[in-house]
Amino acid sequence: MTIPSEPIGSLPRPVAVATIRNSGDDAALASAVDLAVRESIERLEALGSTVVTDGDQGKASAWTYPVDGADNTAPDGVVIPYADGHTRRLPRLTAGPFRYRTQADQYLRAALKLAKAPVKQTVVAPSTLSLLYPHDGIAGYSREAFLADVVDEAEKEIRGCLRAGAHSVQLGFEEGRLSLKLDPSRQVLKDFVELNNRLLDRFGDEERARIGVHSGPGADQGSTHSLDVDYADLLPDLFRLNVGTFYLQLASEPDPDRVLRVVADHLGPEARVFVGVTDPLDPRVESAEEVRDRVLTAARHLPVDRLGTCDDSGFTTFADDMSTSRETAFAKIRARIEGTALAAKELGLG
């Protein structure tokens, strides 16, 4: 037995991809993305990553890729505020029915052709997409009808990924922690969890064992949207999600021992927890020894046979985020992999 270590998902795009994306040259963009996916997978495998992703190189946004280019959306949707003052704005649905224009299995199938290691596919959660529905409603298309369509579309996407051969499917749930900042009553968080479980309950035990969820305070352009929200307020509800694996931001937490105690108190009897041991927003590259110590801290609180490591978040949720270089990202990934191996050795594993 050893301690598994996985990337969360997104990697910084090569400058060429970001430049061509703004040019409107679709053919050149597709070629540049293909090269970026190949290089991302090859570099992850060269570092010893036993599970890889395509780095989300083809997604303009990990939040809204299913509706990119849809003719029934407008750009003036929900605003996501970040601590440094910048914002991101989601699209607003203008008419029903809601349908995915792009499903993530298309990214997965391309990655599987290139990868030697198992491939994890990241997907957007229904709770994220629920934010696209306008507060004043849509004539002839109720919110409940919209949510039913969202869950149906999300199920098709995940089943497509599992059938295509995904090692696992990981839902992004960064809006969970943000919801507590926007609604301290916790009702929005509870609604998010219930909506996501409407999806997850459609899968059997063996399928859910291959489905995970990532939660954190958001990461974009060197800032977060909800790091000031107490993790202890999120985790009890987060662990009600019916998934086999939780990926938790931890390296950037000021008191990881406190968070780990809460995790230990609420973790179910079978789920695995991957804890963040590198911080993508910190320009400093962690040492392998620093990562080792973070893993050993987690091992004091959690069963080692259900412990894994990851980065706190993806490195670029949005395609235009160039705040972290590819070289820095891969250096942090190397530290994560090497530091996890050092911890496993010290724990007498492998």
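The condition (being surrounded by fewer than 16 Cβ atoms within 10 Å (Cβ to Cβ) and free of Cβ contacts under 8 Å to residues at least 24 places away in the same chain) is satisfied by just one residue among K113, K156: K113.
If you go through segment 113-130 and keep only what is touching a helix residue (DSSP H, G or I) at 6+ places or on another chain (Cβ under 7 Å) and farther than 15 Å from Y100 by Cβ, you end up with L114, A115, K116, A117, V119, S127. Picking from residues in segment 196-207 that are touching a helix residue (DSSP H, G or I) at 6+ places or on another chain (Cβ under 8 Å) and surrounded by fewer than 19 Cβ atoms within 10 Å (Cβ to Cβ), the one that is nearest to P236 (Cα to Cα) is R198. Of everything listed in (1) closer than 18 Å to V213 by Cβ; (2) within 18 Å of the chain's Cα centre (by Cα); (3) part of a loop (DSSP other than H, G, I, E, B), the single unmet condition for D320 is (1). Only one entry of Q170, Q121, Q187 meets the criterion of being exposed (fewer than 15 other Cβ atoms within 10 Å of the Cβ) and of a type outside the set (G, A, S), and that entry is Q187.
Yes/no matrix, rows are residues, columns are (1) at pLDDT below 95; (2) in a helix (DSSP H, G or I):
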position	(1), (2)
I3	no, no
L11	no, no
T19	yes, yes
L29	yes, yes
V33	yes, yes
E45	no, yes
G55	no, no
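Within segment 1-34, restricting attention to residues that are surrounded by fewer than 16 Cβ atoms within 10 Å (Cβ to Cβ) and touching a helix residue (DSSP H, G or I) at 6+ places or on another chain (Cβ under 8 Å), the residue that is nearest to R326 (Cα to Cα) is A16. Taking segment 51-69 as the range and being more than 20 Å from E175 (Cβ to Cβ), out of contact with any Pro (no Cβ under 7 Å at 6 or more places or on another chain) and surrounded by fewer than 21 Cβ atoms within 10 Å (Cβ to Cβ) as the test, only G69 passes.
Is one or more of the residues making up segment 83-97 within 19 Å of the chain's Cα centre (by Cα), surrounded by fewer than 22 Cβ atoms within 10 Å (Cβ to Cβ), of a type in the set (D, E, K, R) and under 25 Å from A16 (Cβ atoms)? Yes, segment 83-97 contains a residue that is within 19 Å of the chain's Cα centre (by Cα), surrounded by fewer than 22 Cβ atoms within 10 Å (Cβ to Cβ), of a type in the set (D, E, K, R) and under 25 Å from A16 (Cβ atoms).
Of everything in segment 88-128, what is among the hydroxyl-bearing types (S, T, Y) and closer than 17 Å to A60 by Cβ? Give them in sequence order. Across segment 88-128, the qualifying residues are Y100, T102, Y107, T122, T128. Starting from segment 87-104, take each residue that is within 16 Å of D149 (Cα to Cα) and list its partners that are buried (at least 17 other Cβ atoms within 10 Å of the Cβ) and among the basic types (K, R), counting only C-beta distances under 9 angstrom and pairs at least six apart or across chains. Close Cβ pairs satisfying both conditions: T102/K59.
The values are calculated or read from the model by the stated rules, or taken from the named source; none is laboratory data. Only a predicted model underlies this, so the values are computations on that prediction, with no experimental measurement involved. When we count neighbours, we look across all protein chains shown, and the Cβ atoms used for this are built from the backbone with ideal geometry, even at glycine.
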